[in-house]
Amino acid sequence: MEFDIIIVGGGIVGLATALKILEAEPTTKLLILEKESQLAAHQTGNNSGVIHSGLYYKPGSLKAINCRKGYDQLLAFCDAQQIDYELCGKIVVATEENQVPLMHNLYERGLQNGLEGMKILSADELKEYEPNVNGVAGIFVPQTGIIDYKEVCLKYADVITEKGGLIHLNEKVVDVKEHNGQCIIKSDKHEYRSKLFVNCAGLYSDKIARMTQPEVDLKIIPFRGEYYKLSEEKSALVKNLIYPVPDPNFPFLGVHFTRMIRGGVEAGPNAVLAFGRESYKKHQINMGELLEILSFKGFRKVASKFWKMGMGEMYRSFSKSAFTTALQALLPAVKQDDLVVGGAGIRAQACNKDGSLVDDFQIFETDRVVNVCNAPSPAATASLAIGETIANKALNKLKAKAL
């Protein structure tokens with residue numbers, strides 16, 4: 001029950017971190033603890049499967065750096081492991097003239113982030129890529145692709161176990177302490193000791209972090225993104241991926257259309273407050289977690305700032321007609337009867353006490369603990385780069401303790 005490193009979280013970031021640790025130091029005695037009965041059960045397994053190009057992120061930010069670096073590593077890994085993916089490209093569409101300046105800002109940001117081959121498109125040129133789209137201008141981004149991230153995670157896990165790492169499912173971490181130069185990790189089944197502990201717990205990363213760093217005062221706010229699917233008959237309306245120009249004041253990209261690697265087209269998501277960290281359906285309410293959210297000063301500030309947008313998103317959650325109207329801004333040919341209820345994912349969005357939504361990756365550390373407390377999109381695309389960053393931090397701590 002003693003290890004060099006224990007990682008909590010069997011999502012794509014935790015798995016990528018373990019993989020990078022074992023690649024760098026193959027003799028590391030490593031364990032991953034995952035509370036669910038399967039890997040990639042939450043954020044990783046419920047996203048739209050997009051390989052992000054790095055278009056949106058502030059140049060020089062951890063998101064931008066890790067997305068571009070992780071993108072290359074992900075494709076190399078998939079090529080080596082024969083995992084299906086497709087670099088189909090996407091278009092970002094300005095549906096109104098007042099969005100064109102924001103679109104050009106986005107294009108310049110993409111250039112600063114090293115994207116090559118992008119094209120500014122006129123209204124007529126948009127139709128060459130997506131004949132059914134509505135827009136006055138757009139950007140074609142050739143690097144964007146589609147993939148199944150669950151398949152990627154399972155292959156990460158295969159390589160981890162081949163390299164001697166252990167993965168324990170159905171074990172929930174309930175306590176973490178640093179004591180006498182060790183980390184003592186208690187699950188609901190066992191007690192473990194390790195030289196180092198890495199927290200990649202996603203939706204519960206803030207709670208795990210406060211077990212060793214009580215001063216961490218951000219809170220994970222769960223936002224549910226609900227999808228529809230286009231009916232089989234209407235899937236041909238979308239050739240690849242169609243995105244709107246995003247609102248720069250809001251951390252979500254807006255409803256869009258995504259062709260899936262296994263077939264079909266998803267439409268969405270919206271972004272509504274989930275009434276629990278794992279409340280994937282409207283009627284699911286975790287009263288304790290909801291009260292925590294509502295009583296958090298930072299969330300109340302966010303709610304006061306974005307209440308109009310939030311009410312609109314909530315209305316679309318309950319009104320298929322309103323959801324359809326939002327989609328028709330991009331694709332007027334879509335009708336309400338063309339939409340079939342799809343799945344939902346939950347984004348673990350970190351929020352500070354001052355009411356700011358944390359945009360970049362956020363990592364807190366002690367001598368023996370690395371807490372990853374904000375790893376939103378493009379974390380799946382960037383997983384191997386983020387994992388390498390976390391692995392380096394962890395291994396450097398181990399080496400320092402060994403001196």
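The values are calculated or read from the model by the stated rules, or taken from the named source; none is laboratory data. Note that the structure is predicted; figures quoted are calculated from it, not measured. Because the Cβ atoms are built from the backbone with ideal geometry, glycine has one as well, and the counts that use them run over all protein chains shown. Quick note on the areas: whole protein, heavy atoms, side chains included, nothing else; ligands and nucleic acids left out. Shrake-Rupley method; radii C 1.70, N 1.55, O 1.52, S 1.80 Å.
Projecting the Cα atoms of ALA379, THR258, GLN362 onto the dipole axis of the stretch 251-403, where Lys and Arg carry +1 and Asp and Glu carry -1 at the beta carbon, places GLN362 farthest toward the positive end. Near LEU294: Cβ cut-off under 13 Å, other residues only, Lys/Arg at +1 and Asp/Glu at -1. The net charge is +2. Applying a length cut-off of 15 Å (Cα extent along the axis) and a mean Kyte-Doolittle floor of 0.0 to the DSSP H helices of the chain leaves 12-24, 383-402. Close amide H pairs (under 5 Å, H built 1.01 Å from N) link LEU121 with GLY138, ILE139, PHE140, residues at least 5 positions away or on another chain.
Modelled label positions at LYS127 and SER319, each set 7 Å beyond Cα in the direction of Cβ, lie 3.2 nm from each other.
Modelled spin labels at GLU365 and ASN286, positioned 7 Å past Cα toward Cβ, are 2.9 nm from each other.
Think of the stretch 293-373 as having a plus end and a minus end, set by charges on the Cβ of Lys, Arg, Asp and Glu; of ILE346, LEU331, TYR315, TYR315 sits farthest toward the positive end of this dipole.
For the chain, the residue among ALA18, ALA137, LEU75 whose Cα projects farthest onto the positive side of the dipole built from Cβ charges is ALA18.
Model label points for ALA24 and GLU36, set 7 angstrom from Cα along the Cα-to-Cβ axis, are 2.7 nm apart.
Charge dipole (Cα centre; +1 on Lys/Arg Cβ, -1 on Asp/Glu Cβ; no other charges) of the chain amounts to roughly 980 debye.
Can you grab the distance from the C-alpha centre of the stretch 119-171 to the C-alpha centre of the stretch 248-311, Å, no decimals? With the stretch 119-171 and the stretch 248-311 each reduced to a Cα centre, they are spaced 21 Å. Dipole magnitude for the stretch 137-178: about 60 debye, using +1 per Lys or Arg Cβ and -1 per Asp or Glu Cβ, origin at the Cα centre.
Near GLY355: Cβ cut-off under 14 Å, other residues only, Lys/Arg at +1 and Asp/Glu at -1. The net charge is +3.
Between GLU86 and GLU278, what length in nm is gained on full extension when 0.36 nm per residue of separation is reduced by their alpha carbon distance?
Details: separation 192, 0.36 × 192 = 69.12 nm, distance 3.03 nm.
Extending this stretch completely gives an extra 66.1 nm.
For the peptides 369-375, 23-29, the ranking by packing is 369-375, 23-29, with the highest mean count of neighbouring Cβ atoms within 10 Å listed first. Solvent-accessible surface of the chain, averaged per residue with a 1.4 angstrom probe and all protein chains in place: 42 square angstrom.
Using the per-residue mean of other Cβ atoms lying within 10 Å as a proxy for protection, in what order, highest first, do the peptides 211-223, 117-129 fall?
On the way: 211-223: 18.6, 117-129: 14.8.
Sorting 211-223, 117-129 by mean packing, highest first, produces 211-223, 117-129.
Pop the C-beta distance of HIS179 and LYS401 into the FRET formula with R0 = 22 Å and round what comes out to the nearest 0.05. Efficiency, from the Cβ-Cβ distance: 0.95.
Quick one: with all protein chains in place, what share of the accessible area of the stretch 193-330 is carbon or sulfur, to the nearest percent (1.4 Å probe)?
Details: 3530 of 6110 Å².
Carbon-and-sulfur percentage of accessible area, whole number: 58.
Assuming charge only on the beta carbon of Lys and Arg (+1) and of Asp and Glu (-1), the dipole of the stretch 17-144 about its Cα centre is about 520 debye to the nearest 20.
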